Amino acid sequence: MKQTLFALLLLASSALAVDCKDDPKLVSACFVVHGRMYNSSGGSLARIWRIGTKRILHVVGPHHLPSNVEPLLTDFDHEVVADFLVCPYTKDRPDEARMVCVQSATHVVQKPAWFNNRD
């Protein structure tokens, strides 16, 4: 509930003209994560699972997704694997999803969502 409220406040209070990495609401430096981005519902634009961990990042706005990622996340049946440059709005805390914006993505690959790819 707190995460949804935080995401809504970010959407309402931030200016669209500010680049993700330059947003004054960031709490620390941007960093690169290798992960799977997928569409979600419930207060975030998308989520990123940091591959090899149990950590989830909630992608919140008002910033748009990078232009090489956004057209690949058209539905819930696909996900994007990439190296994402993310910038944090919240501190890293155990057992809590961290709120981030995505500045850019490299090595971008669209894949079927994991639940559509099981035998």
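Here the extension length gained between GLN110 and ALA29 equals 26.4 nm, from 0.36 nm per residue of separation less the Cα-Cα distance.
Could you tell me whether region 33-86 comes out rounded, prolate or oblate from its Cα gyration tensor? Rule is a ≥ b ≥ c as square roots of the eigenvalues, rounded for a/c under 1.5, then prolate if a/b exceeds b/c, otherwise oblate. Provide the component values of the computation, followed by the final result.
On the way: a/c = 1.32, a/b = 1.23, b/c = 1.07.
Verdict is rounded for region 33-86.
Measuring between their Cα centroids, region 22-54 and region 76-109 lie 2 Å from each other. Here is the list for region 38-119: trypsin sites (Lys or Arg not before Pro) lying in DSSP coil, each with at most 15 other C-beta atoms within 10 angstrom of its C-beta, are LYS54, LYS91, ARG118.
Within 14 Å, Cβ to Cβ, of VAL109, how many net charges do the neighbouring residues add up to if Lys/Arg are +1 and Asp/Glu are -1? Don't skip to the end; give the middle numbers.
Details: positive: ARG36, LYS111; negative: GLU79, ASP83.
Neighbourhood net charge equals 0.
The order of the peptides 99-105, 20-26 by mean Cβ neighbours within 10 Å, most packed first, is 99-105, 20-26.
With the cut-off at 1.5 for a/c, could you classify region 45-119 from its C-alpha gyration tensor as rounded, prolate or oblate? All intermediate terms of the calculation are to be shown ahead of the outcome.
Numbers: a/c = 1.90, a/b = 1.24, b/c = 1.53.
Since a/c reaches 1.5 but b/c is at least a/b, the shape of region 45-119 is classed as oblate.
What's the local net charge at LEU73, with K and R +1, D and E -1, over the other residues with C-beta under 12 Å away?
Working: positive: ARG36, ARG47, LYS111; negative: GLU70, ASP75, ASP77, GLU79.
Here the charged neighbours net out to -1.
So what's the net charge close to HIS64: Lys and Arg +1, Asp and Glu -1, counting the other residues with Cβ under 14 Å from its Cβ?
On the way: positive: LYS21; negative: ASP19, ASP23, GLU70.
Within the 14 Å Cβ shell, the charges total -2.
Read the figures in this text as sums done on the coordinates, not as results from a lab. Model, not experiment: these values are computed from the prediction. Quick reminder, even Gly has a Cβ in these numbers, built from the backbone with ideal geometry, and neighbours come from all protein chains shown.
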